Amino acid sequence: MADTLNYRIEVTGPADGRFAEILTPAALDFVAKLDNTFAGRRRELLDARRRRRERLQSGEEQLDFLPETRSIRSDESWHVAPAAPGLEDRRVEITGPTDRKMTVNALNSGAKVWLADFEDATSPTWHNIVDGQLNLFDAIRRNIDFTTEAGKRYTIGDDPATIVARPRGWHLVEKHIRIDGRPVSASLVDFGLYFFHNARQLLARGSGPYFYLPKLESHLEARLWNDVFLLAQQELGIPRGTIRATVLIETITAAFEMDEILYELREHASGLNAGRWDYIFSVIKNFSAHGADFVLPDRAQVTMTVPFMRAYTELLVRTCHRRGAHAIGGMAAFIPSKDPVTNENALQKVRQDKEREAGDGFDGSWVAHPGLVPVCREVFDDVLGGWPNQLGKLREDVTVTAADLLDVASAGGEVTEAGVRANINVALRYVDSWLRGTGAAAIHHLMEDAATAEIARCQVWQWIRNGTKLEDGTALTRELAAEFLDEELANVRADFGNTTHRLDDARAIFTETALGDKLPSFLTTGAYARYLTATTG
């Protein structure tokens with residue numbers, strides 16, 4: 001606990017092991033200064049999110065490119081900062097949680113960048129958050145290893161990936177750290193602790209403090225991050241513009257403000273990334289009351305090649321390269337299998353996906369498993385040749401309108417009973433894993449994170465609300481979905497056998513967030529407050 005002249009900081013989580021090395025009075029005071037400075041603006045922006053979503057849902061507002069920022073979009077003269085050391089070449093990026101094993105494996109994977117994820121791939125237990133900070137602290141100082149159950153020891157090699165940390169989104173709080181009794185922004189906890197402890201060390205090693213920013217819904221939220229960066233650099237005496245940030249364009253509203261987001265962050269901006277499941281999740285949330293034109297088919301049918309998704313990714317590449325920013329492609333979530341046929345079929349799909357991205361001009365792409373690094377690297381090597389990126393590929397052939405981005409009906413496809421059941425099954429498995437402290441879960445040969453559970457439960461809610469008919473003509477009702485839920489729960493229980501699980505809690509969360517009258521903005525906010533804080537101190 002730390003006292004200052006103006007406020008009182010309280011840490012309610014247990015002080016396990018080496019946690020005191022991260023939760024120092026100076027580090028906590030730094031986080032508190034950030035939070036006290038920006039707490040009011042953060043709340044205002046979250047209120048603005050809610051009001052805008054209500055207007056979009058009701059049809060009161062039509063989503064379009066902002067007329068008030070037309071001058072920013074039309075001005076050809078401005079560009080983002082040049083690539084920082086370690087971020088010139090981003091042809092393969094691996095993503096994953098910040099546990100010790102993943103930290104060592106990701107840094108040694110052969111990927112150019114590791115997205116060290118405190119967000120969707122991390123279950124935000126108190127242990128996971130602070131232990132993840134410790135693992136990054138040790139890794140940056142080359143003082144980390146990992147020993148398997150078989151006794152094999154792994155250390156960081158000579159050419160580790162560049163670390164880019166992803167803090168939690170603006171909508172989340174960290175209930176185990178409080179200022180004058182109120183919980184602190186989870187974004188600022190994750191950012192602040194990492195930056196405070198590691199910024200100078202990273203610079204001394206020829207790298208820098210780099211971040212991925214998740215779930216932004218407007219350029220004003222990007223402006224808030226930029227102001228956080230300015231204050232953080234000032235407080236530690238680090239040169240302005242040292243921080244670099246890549247923004248995930250994973251909300252439909254942010255897709256209409258890509259230029260503006262880069263502009264707000266321009267002295268700190270590094271690029272944009274295309275986040276698939278969260279993007280579709282955002283489409284459903286914002287247009288949940290707009291009827292059949294916005295009802296999507298089975299999740300597996302909403303590929304990156306359907307027209308409205310392709311419009312979004314092509315606009316992202318054009319926008320980035322016009323401003324000198326990197327465009328980073330989406331996730332390959334497949335987990336290599338021991339079955340050669342399964343493996344070959346999946347790897348071929350991964351290769352095709354990466355070939356599409358490289359051909360479209362992306363500068364790199366994500367994988368979720370070290371086994372996919374060679375495939376992604378080979379594809380981008382073939383296209384890049386001796387160049388580190390494709391910033392010179394301006395994609396001036398691309399013209400994307402608001403109607404193109406909103407043409408959700410172009411996805412086509414159908415909703416099937418198998419698709420409904422798959423969503424329920426995966427959501428139950430993932431939420432169970434998340435509740436037990438694992439945020440990156442291997443499910444049906446895919447590495448799934450929180451975005452998976454969000455899109456899965458959101459689709460079921462949308463289909464029920466619209467009385468969507470399945471392939472046999474049966475309308476999906478709440479009662480029928482509840483029957484499927486009972487049956488899939490039994491199937492998952494049978495698969496789990498006598499192992500420890502939290503399936504009853506997972507069922508309760510799914511029922512509340514997918515089968516209720518209203519669609520909660522995020523399942524993780526309520527589940528965190530109700531379950532994770534109660535079980536972690």
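See the values below:
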quantity	calculated
The range 140-245: translational diffusion in µm²/s, Stokes-Einstein, Kirkwood Rh over Cα pairs, 10 °C, 1.306 mPa s	101
Relative contact order, percent, the range 8-403 [alpha-carbon distance under 8 Å, six or more residues apart]	20
Solution diffusion estimate, µm²/s, Stokes-Einstein, the range 97-203, Kirkwood Rh from C-alpha pairs, 10 °C, viscosity 1.306 mPa s	110
Within the chain, percent of DSSP bridges classed antiparallel, to nearest 5	35
26 Å Cα-Cα reach of residue 349 towards lysines, excluding residues that sit fewer than 8 places from it in its own chain	112, 338, 393
The chain - charge dipole about Cα centre, Lys and Arg +1 at Cβ, Asp and Glu -1, debye rounded to 20	1040
Table column - 3J(HN,Hα) (Hz), the range 403-418, Karplus curve with 6.51, -1.76, 1.60, x for Gly and Pro	4, 5, 5, 9, 7, 4, 4, 5, 5, x, x, 9, 9, 10, 4, 4
Cα point-scatterer Debye curve for the chain, base-10 log of I(q)/I(0) at q = 0.05, 0.07, 0.12 Å⁻¹	-0.18, -0.37, -1.20
434, 170 arranged by Cβ crowding within 10 Å, fewest neighbours leading	170, 434
Residue order, fewest to most surrounding Cβ atoms within 10 angstrom, among 243, 129	129, 243
Helix-only mean residue ellipticity at 222 nm for the chain, each DSSP H run of n ≥ 4 adding -39500 (n - 2.57), per residue, nearest 500	-15000 deg cm²/dmol
For residue 96, residues with placed amide H under 5 Å, excluding near neighbours	115, 117
Unsatisfied cross-links (Cα-Cα over 22 Å) in the set 285/469; 101/175; 215/285; 101/152	101/175
Neighbour-count order for 247, 341, 80, fewest beta carbons within 10 angstrom listed first	341, 80, 247
Cα pair distances exceeding 14 angstrom across the range 440-482, given as percent	56
For peptides 493-502, 7-16, sequence by mean Cβ density within 10 Å, most packed first	7-16, 493-502
Selected from 460, 525, 475, residue furthest toward positive end of dipole (the range 414-536; charges at beta carbon)	525
Positive minus negative residues near residue 161 (Lys, Arg vs Asp, Glu; Cβ under 9 Å)	-1
The range 416-537: C-alpha pair distances exceeding 18 Å, %	49
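Throughout, read-outs are computed from the coordinates displayed, never taken from laboratory work. Everything numeric in this text was worked out from a predicted model, so none of it was measured. As a convention, Cβ positions derive from the backbone with ideal geometry for all residues, glycine included, and neighbour counts pool all protein chains shown.
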